[in-house]
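Novice: Below: one structure in structure tokens.
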Amino acid sequence: MLVIVAGVLIALSAEAWWEDRSDREIEAEILADLLEDFRASRDVLLTDIERNEGSLEASRGILDYRATELPADSLATLTWRSWGTSRFDPVAGVLTSIVSSGQVNLIEDAELRRDLASWLNNVEEARLTFQAVDRHFAISKALHFQFQYDGSPKEQIYLAGPIGRMEAVLRRQRAVLAHTERLIANLGQVVVQ
């Protein structure tokens, strides 16, 4: 009887060991795939931030139009550049998949799991902040400036709203970028091990 109990315990231990080994292999694959996705997201985000900074700079240039006495073609160029905004669409297929399937629990590092969930929240906040920038308002007003902007305080206040919202978008995108960089560094350390 003791031999049977010992045999069952050994079999259960072997099965648990094998399952844990299999889970660690899956975890390693997930972490490597996450690292790849975060690197791609960082590249997309850097491009979006650059484009949004250009849009913000152009919008400020429109405000300074009368002060600097730009030629009309320069104002048209600024207007065109001010429209070029980018919403961050992350490369998050792996993260979305592991969260929805429950495989995120295969990641042993609880702090990393929390950081991944927090990143998704930061991306969502950035998306919502971007939606607050009313493109229709900004574009229609930019067209108005192209033909009628006189530099009056009323006109400057009218454009200052979209500028302030774009500044908020850029702050949020930079926060997501910093978070993404931190995740890349953490995942890079784990994946190399």
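The values are calculated or read from the model by the stated rules, or taken from the named source; none is laboratory data. Just so it is clear, the model here is predicted, and its values are computed rather than measured. Here the Cβ positions follow ideal geometry from the backbone for every residue, glycine too, while neighbour counts run over all protein chains shown. The area values use the complete protein model at the heavy-atom level, side chains included, leaving out ligands, DNA and RNA. Shrake-Rupley method; radii C 1.70, N 1.55, O 1.52, S 1.80 Å.
Novice: Which members of the stretch 30-39 meet the condition of being hydrophobic (A, V, I, L, M, F, W, C) and either out of contact with any Gly (no Cβ under 9 Å at 6 or more places or on another chain) or open to solvent by 40 Å² or more (accessible area, probe 1.4 Å) (or both)?
Specialist: Once the filter is applied, which keeps residues that are hydrophobic (A, V, I, L, M, F, W, C) and either out of contact with any Gly (no Cβ under 9 Å at 6 or more places or on another chain) or open to solvent by 40 Å² or more (accessible area, probe 1.4 Å) (or both), the stretch 30-39 yields 30, 31, 32, 34, 38.
Novice: Let me ask something additional. Tell me, yes or no, whether the stretch 123-134 has at least one residue that is at pLDDT 85 or above, in contact with a Pro (Cβ under 8 Å, 6 or more places away or on another chain) and of a type in the set (A, V, I, L, M).
Specialist: yes
Novice: Which one is farthest from residue 191 (Cα to Cα), of the residues in the stretch 1-27 that are part of a helix (DSSP H, G or I), open to solvent by 80 Å² or more (accessible area, probe 1.4 Å) and at pLDDT 75 or above?
Specialist: 4
Yes/no matrix, rows are residues, columns are (1) crowded, with 19+ Cβ neighbours inside 10 Å; (2) in contact with a helix residue (DSSP H, G or I) (Cβ under 7 Å, 6 or more places away or on another chain); (3) at pLDDT below 70:
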{"position": "41", "(1), (2), (3)": "yes, yes, no"}
{"position": "49", "(1), (2), (3)": "no, yes, no"}
{"position": "56", "(1), (2), (3)": "yes, yes, no"}
{"position": "59", "(1), (2), (3)": "yes, yes, no"}
{"position": "66", "(1), (2), (3)": "no, no, yes"}
{"position": "72", "(1), (2), (3)": "no, no, yes"}
{"position": "76", "(1), (2), (3)": "no, yes, yes"}
{"position": "94", "(1), (2), (3)": "yes, yes, no"}
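Novice: Here's a check for you: in the stretch 153-193, which residue that is open to solvent by less than 70 Å² (accessible area, probe 1.4 Å), at pLDDT below 90 and of a type in the set (Val, Ile, Thr) is nearest to residue 52 (Cα to Cα)?
Specialist: 169
Novice: Of the conditions (1) modelled with pLDDT of 90 or more; (2) open to solvent by 50 Å² or more (accessible area, probe 1.4 Å); (3) of a type outside the set (A, V, I, L, M, F, W, C), residue 115 clears all except one; give me its number.
Specialist: For residue 115, the failing item is (2).
Novice: Filter the stretch 78-92 for residues that are open to solvent by 40 Å² or more (accessible area, probe 1.4 Å) and modelled with pLDDT of 85 or more and give the result.
Specialist: Scanning the stretch 78-92 gives 90, 91.
Novice: Assess whether residue 150 counts as being at pLDDT 90 or above, more than 19 Å from residue 168 (Cβ to Cβ) and out of contact with any Ser or Thr (no Cβ under 6 Å at 6 or more places or on another chain).
Specialist: Against the criterion (at pLDDT 90 or above, more than 19 Å from residue 168 (Cβ to Cβ) and out of contact with any Ser or Thr (no Cβ under 6 Å at 6 or more places or on another chain)), residue 150 does not qualify.
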